[in-house]
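What follows is a short report on a single structure.
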Amino acid sequence: MLRGLRAVRSVARQSLNNAQGQQRRNLSIHEYQSVQLLNSYGIPTPKAVPAFSASEAEEVAKSFGKPELVIKAQVLAGGRGKGHFDNGFQGGVQMVDSPAQAKEYAEKMLGHKLITKQTGAGGRLCNAVMLAERMPPQKEYYAAVLNDRARGAPVLVTSNQGGMNIEDVAHDTPEAIITTTLDFEKGISKEQAVALAKQLGFKDKAVDNAADVFGKLYQIFKEKDATQIEINPLAELSDGQVLCMDAKFGFDDNADFRQKDVFKLRDVTQEDPQEVEAAEYGLNFIKLDGNIGCLVNGAGLAMATMDVLSLHGGSPANFLDVGGGATADAVKKAFELLLSSPNVKSIFVNIFGGIMRCDVIAEGIIKATKELQLSIPLVVRLQGTKEAEAKKMIKESGLQIFPFDGLDEAAAKAVEAAQSA
């Protein structure tokens, strides 16, 4: 049981890294968009151009004036090079030696789903490819700007072992990783950046070029409300140039009101359609693999709910946080999302009303139960603001709802109902 509990918590916590609060906290953008953003700040990259059809890929390849290029499927997932497409084509990153070959590979990528370790079996649809110069590096490094909650400050994480999984580097040779705490307002000084570049092993004029990249990466991080900028690899060429060869960006969703240009780049085709739909109603929804639909307010209570269900031998089918400002219609939409999975055998509503009023939740529960003709067991626990009114509404509705005051008893009932279905 404890193993199962740890597994659920692991999945849930990983999901919550991108799902705290009423909105998802991370906007990711495609690689070609990252290149454009880097270039706009004067950060050098290999020349790279997107294409949205096979014929366009051929014309783009011709425009480079050189045959040796790389073509990359533009999907928001890691492991593209080792992935495979739903048509059997292997690899989302390919070397091309002619415009005709660029067209051939684009035809095999565009309009197909790329399956990688990160996408799951469903894969991600490839709507664009990026063609880029091949520029063999003399040495590969790693650089990332991140928020470090433990330090309460942004950090610049660097390593002279780039081009590989940074988690593997941290595990095998932790001494190869340098973490520099940054002042939020000032970022990294020129002197700090130069010293860091030398410590990493950059040589001659590459030292100043690397230092310049470090400073500009933090400038983007601060000015664009980024949560993550990862450059892997950061390449030193034989002539001293320092180029960002691959970039991953994450941006704080809470900053969308002041980062309109960035959030115009969002590609919802790369996101789970149900999660996108949920966000339109202010709901935070993430699918899991169990059979008990959960509707909760607050990430902390959601984790506790999952824990108690697991302790009773149950398995949550989702994380669904209605937040503090949900309406009755939003609650109904939440039920629609829960019921969209054929695996759901019971539903557990667990609300602790602070900002969120229990009577609003009750109104939504009654509305959903009637209009959706709910036929699976529904267990409800409502505590807090307008609790008495909510309980009265549910009692007088005459609907087949199992009300509880205690969390443990309610969770046990939800598990029993799911197992009996």
Exercise. Could you say whether any residue in the stretch 135-148 is farther than 29 Å from H30 by Cβ, of a type outside the set (S, T, Y) and surrounded by fewer than 15 Cβ atoms within 10 Å (Cβ to Cβ)?
Worked result: no
For this session: Might you let me know whether the stretch 402-415 holds any residue that is under 16 Å from F285 (Cβ atoms) and in contact with a Phe, Trp or Tyr (Cβ under 9 Å, 6 or more places away or on another chain)?
Result: no
Seminar exercise, completed: For strands (runs of 3 or more DSSP E) lying entirely in the stretch 68-172, having 3 or more residues that are over 18 Å from D267 (Cβ atoms) picks out 69-73, 93-96, 129-133, 139-148, 153-159
Problem set entry | Test: residue in the stretch 36-56 that is surrounded by 17 or more Cβ atoms within 10 Å (Cβ to Cβ) and either in contact with a Gly (Cβ under 7 Å, 6 or more places away or on another chain) or among the aromatic types (F, W, Y) (or both) | no
Seminar exercise, completed: Taking the stretch 67-114 and keeping residues of a type in the set (S, T, N, Q) and under 20 Å from S34 (Cβ atoms) leaves Q74, Q94
For this session: Identify the single condition in (1) over 15 Å from the mean Cα position of the chain (by Cα); (2) surrounded by fewer than 21 Cβ atoms within 10 Å (Cβ to Cβ); (3) not basic (K, R); (4) not assigned by TED's automatic domain parsing to the domain that holds E167 that P233 does not satisfy, given that it satisfies every other one.
Result: (4)
Exercise. Looking at (1) of a type in the set (A, V, I, L, M, F, W, C); (2) under 17 Å from F64 (Cα atoms); (3) without any contact (Cβ under 8 Å) to a residue 60 or more places away in the chain, which is the only condition L110 fails?
Worked result: (2)
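Each row is one residue, and each column tells you yes or no for (1) crowded, with 21+ Cβ neighbours inside 10 Å; (2) farther than 23 Å from G250 by Cβ; (3) within 20 Å of the chain's Cα centre (by Cα).
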site: A73; (1), (2), (3): yes, no, yes
site: A77; (1), (2), (3): no, no, yes
site: G83; (1), (2), (3): yes, no, yes
site: D86; (1), (2), (3): no, yes, no
site: Q90; (1), (2), (3): no, yes, no
site: M95; (1), (2), (3): no, yes, no
site: Y105; (1), (2), (3): yes, yes, no
Exercise. Got a sec? Which of A193, A170, A121, A128 is in the same structural domain as A77 (by TED's automatic domain parsing) and free of Cβ contacts under 8 Å to residues at least 24 places away in the same chain?
Worked result: A121
For this session: Would you check which residues across the stretch 410-421 are surrounded by 14 or more Cβ atoms within 10 Å (Cβ to Cβ) and not aliphatic (A, V, I, L, M) and list them?
Result: K413, E416, Q419
Exercise. Which is polar (S, T, N, Q) and over 23 Å from T45 (Cα atoms), of N284, N232, N209?
Worked result: N284
Exercise. In this structure, does G240 turn out to be part of a loop (DSSP other than H, G, I, E, B) and not assigned by TED's automatic domain parsing to the domain that holds V93?
Worked result: yes
Problem set entry | Qualifying positions in the stretch 177-218 - crowded, with 16+ Cβ neighbours inside 10 Å, of a type outside the set (D, E), more than 27 Å from the chain's Cα centre (by Cα) and assigned to a helix (DSSP H, G or I) | Q192, A193, V194, L196, A197, L200, A206, V207, N209, A210, A211
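The values are calculated or read from the model by the stated rules, or taken from the named source; none is laboratory data. Just so you know, these numbers come straight off a predicted model, no measurement behind them. When we count neighbours, we look across all protein chains shown, and the Cβ atoms used for this are built from the backbone with ideal geometry, even at glycine.
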